[in-house]
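The values are calculated or read from the model by the stated rules, or taken from the named source; none is laboratory data. None of these values were measured; they are calculated from a predicted model. Note that each Cβ is placed from the backbone with ideal geometry, even for glycine, and that neighbours are counted across all protein chains shown. Quick note on the areas: whole protein, heavy atoms, side chains included, nothing else; ligands and nucleic acids left out. Shrake-Rupley method; radii C 1.70, N 1.55, O 1.52, S 1.80 Å.
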Amino acid sequence: MSFGEASSVLAVESILLLLYVAVEFAVGLLFAWAFARMFQVRLSTKVRLWMAAAWAALGVIPVMLGIT
């Protein structure tokens, strides 16, 4: 595989990983909303974003380690 092919594969994999992180973040926001509704609590925007970021980070770690 040439350098050009390897860099294009790396670029595609990076874009796919960013897309996966975005989807995980959206699912985290949904989780934060459901958590607030289920327990009837009010969560600030900052707390909801932290919950979504934690959800995304925990969802991406196995992918980065190659665990499927």
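Annotations
- Residue ID - modelled with the lowest pLDDT, chosen from residues in segment 9-68 that are of a type in the set (D, E, K, R) and assigned to a helix (DSSP H, G or I): Glu13
- Among residues of segment 18-53, those that are among the small types (Gly, Ala, Ser) and loosely packed, with under 14 Cβ neighbours inside 10 Å, counted: 4
- Residues in segment 1-17 that are within 17 Å of the chain's Cα centre (by Cα) and open to solvent by 90 Å² or more (accessible area, probe 1.4 Å): Glu13, Ile15, Leu16.
- Close pairs from segment 1-30: first without any contact (Cβ under 8 Å) to a residue 24 or more places away in the chain, partner open to solvent by less than 100 Å² (accessible area, probe 1.4 Å) and part of a helix (DSSP H, G or I), Cβ under 6 Å, at least 6 apart: Leu29/Ala52
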